[in-house]
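Notes follow once the structure below has been shown.
The values are calculated or read from the model by the stated rules, or taken from the named source; none is laboratory data. The structure presented is a predicted model; accordingly, all values stated were derived computationally and were not measured. FYI the Cβ positions are ideal-geometry reconstructions off the backbone, even for glycines, and counts take in every protein chain you see.
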Amino acid sequence: MDLRDLIRTIPDYPKPGIQFRDITTLIANPVGLRAAVDGLVWPFLTARVDLVAGIEARGFILGGAVAHELGRGFVPIRKKGKLPAKTIGQDYQLEYGIDTIEIHADAIKPGDRVLVVDDLIATGGTAEAAIELVRRSGGEVVAAAFVVDLPDLGGADRLRDKGVVVRTLVAFEGD
């Protein structure tokens, strides 16, 4: 199965010139969802992973499934102001400004080995901020795993330049 065939492209979303890669069609397909989760899990079946951290919002769906399959706990990485207990935050640059993501301050303990999961890596800003949160918490990033890579935007390379192992399942060149 080619997962690319199950990923819908929405032109000019959220703004003109953007080809949005929508995985909701992939995760609605039971075989596609299983293939995506298996593809994210397999490289880490024998790796020492203590926690899986998923980036809001599609990273919750995929990361939760990966955590379940690995028999590990799940840590949500959320937009600022969405978590109820004490948090730590990390700012990151957007095309149009700065945003912040947060985790609970007690979610990751020093020495925890964390797999970061999201649906897509584009420029890498959000993933880089998530990795910084894990590291600031004392955790070690095992890897970052994504269903989709947009390699022309350089995000996966940006993470690799910071010493992070990056795993992706499919790439859309030129986007």
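Yes/no per residue for (1) crowded, with 20+ Cβ neighbours inside 10 Å; (2) touching a residue at least 12 places away in the same chain (Cβ under 8 Å); (3) β-branched (V, I, T); (4) not in a loop (DSSP other than H, G, I, E, B):
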| site | (1), (2), (3), (4) |
| --- | --- |
| M1 | no, yes, no, no |
| D5 | no, no, no, yes |
| T25 | no, yes, yes, yes |
| A36 | yes, yes, no, yes |
| F60 | no, yes, no, yes |
| L83 | no, yes, no, no |
| Q90 | yes, yes, no, yes |
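Residues in the range 46-56: is at least one more than 25 Å from I103 (Cα to Cα) and at pLDDT 95 or above? Yes, some residue in the range 46-56 is more than 25 Å from I103 (Cα to Cα) and at pLDDT 95 or above.
Select from the range 96-118 the residues that are part of a strand (DSSP E or B) and either on the phi > 0 side of the Ramachandran plot or small (G, A, S) (or both) and list them in ascending order. So that I can check it myself, show each step before the final result.
Within the range 96-118, the subset part of a strand (DSSP E or B) is 97-104, 113-118.
The one that is part of a strand (DSSP E or B) and either on the phi > 0 side of the Ramachandran plot or small (G, A, S) (or both): G97.
Out of F74, F20, which single residue is farther than 19 Å from R167 by Cα and either modelled with pLDDT under 95 or among the aromatic types (F, W, Y) (or both)? It would help to see each step written out before you state the result.
On the way: F74 fails: farther than 19 Å from R167 by Cα.
None of the other options fit; the residue is F20.
Restricting the range 119-141 to residues that are closer than 15 Å to I55 by Cβ and assigned to a strand (DSSP E or B), the residue that is farthest from the chain's Cα centre (by Cα) is V141. With the structure loaded, tell me whether D12 is loosely packed, with under 11 Cβ neighbours inside 10 Å, acidic (D, E) and more than 16 Å from the chain's Cα centre (by Cα) or whether it fails that test. In short, yes.
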